[in-house]
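The values are calculated or read from the model by the stated rules, or taken from the named source; none is laboratory data. Keep in mind that what you see is a predicted model, and the values were worked out from it rather than measured. Please note: Cβ atoms are built from the backbone with ideal geometry, for glycine as well, and neighbour counts cover all protein chains shown.
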Amino acid sequence: MSEDPSAPAADKTIQLRDGRTLGYAEYGQMDGKALFYFHGFPGARVEARFLAEHAKELPVHLIGIDRPGMGLSTFKAHRRYLDWPDDVVALADNLHIDRFAVAGFSGGSPYVFACAYKISRRLTRCGIISGVGQVNPFVAFLSQWMPRLMMPIVGRSFQNKEQAQKTFGKAASKWIEADRESLLVPGIEELMVASLVEGFRQGAKGAAYEGVLFGRPWGFNLEEIEFPSIFLWHGELDQEVPVATARDVAGRLTQCKAAYYPGEGHISLIVNHGQEILKALLSE
């Protein structure tokens, strides 16, 4: 990368009808085709810079959004996945964007599916990158209490950049080779640390609630999504979300174009194939 992808664009916010603040950041070319990027878990709007350099070249108007309780976005009690599309539409209307693509990385994928289910008329294409699926009952049970216990502890490790770098470095040292090598790309490790710090900017409440939400029913089934332009990319070496999960998701969608990469892991996929992903999402 020729520029530091951890360097933030100007922080921006809008006020929603219910009084909450929604935080976002814009990258790429403002006159390009619009793509809303949904960050992983935990994370924040700055994670969209995974694709920022390619967005500038293509060109793409890339918009990273903070989910409630993370980054600059106000926490929302009792939120559901199907509440998210309303926030996305509010931001799109504020930016005078009629139709747009959406993409989610890892834990951001349920929010893509919620948009495909609820606001398909506003969408052009959907992208799932190293995405999670609907969890089994055992994982759902664990997710109801583990995040409440673990996220406050994790959050304390990401209170500032220096502390976060140490914590992240220790965790990343255990990743598979493909993912470790992706961190050698200039700016990528700094970007991920910055996203985590922003994810816990308001404390652990937002991330903890999202972890709980992950194990609850989504409010719809994948089989009910009829949106025709869903793309899925997944690394076959992914240890965070096994490729079997991706194959199950693709098989349950009525229409899905899936691509699996033998040499890629969880992070390396978006680092090494960002341009390819953007071209598929924004092509005619």
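Conditions (1) among the acidic types (Asp, Glu); (2) surrounded by fewer than 22 Cβ atoms within 10 Å (Cβ to Cβ); (3) farther than 26 Å from Phe100 by Cβ, marked per residue:
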site: Trp233; (1), (2), (3): no, no, no
site: Gln239; (1), (2), (3): no, yes, yes
site: Ala244; (1), (2), (3): no, yes, yes
site: Gly251; (1), (2), (3): no, yes, yes
site: Thr254; (1), (2), (3): no, yes, no
site: Ala259; (1), (2), (3): no, yes, no
site: Ser268; (1), (2), (3): no, no, yes
site: Gly274; (1), (2), (3): no, yes, no
site: Ala280; (1), (2), (3): no, yes, no
Condition first: of a type in the set (Ser, Thr, Tyr) and free of Cβ contacts under 8 Å to residues at least 40 places away in the same chain. Now tell me which residues in the stretch 167-192 satisfy that.
Thr167, Ser173
If Ile270 meets every condition in (1) touching a Leu at 6+ places or on another chain (Cβ under 7 Å); (2) assigned to a helix (DSSP H, G or I) apart from one, which number is that one?
(1)
Step by step: first the residues of the stretch 93-109, then only those that are crowded, with 20+ Cβ neighbours inside 10 Å and either among the polar types (S, T, N, Q) or more than 9 Å from the chain's Cα centre (by Cα) (or both), then the one that is farthest from Gly274 (Cα to Cα). Which residue is that?
Phe100
Of all residues in the stretch 210-246 being without any contact (Cβ under 8 Å) to a residue 40 or more places away in the chain and not in a loop (DSSP other than H, G, I, E, B), the one that is nearest to Pro85 (Cα to Cα):
Glu223
Glu57 passes all but one of the listed conditions (1) modelled with pLDDT of 95 or more; (2) farther than 14 Å from Phe41 by Cβ; the exception is number (1)
If we take the stretch 1-103, then strands (runs of 3 or more DSSP E) inside it with 1 or more residues that are free of Cβ contacts under 8 Å to residues at least 60 places away in the same chain are 12-15, 21-28, 60-65
Picked from the stretch 252-267 (must be in contact with a helix residue (DSSP H, G or I) (Cβ under 8 Å, 6 or more places away or on another chain) and part of a loop (DSSP other than H, G, I, E, B)), the residue nearest to Leu222 (Cα to Cα) is Leu253
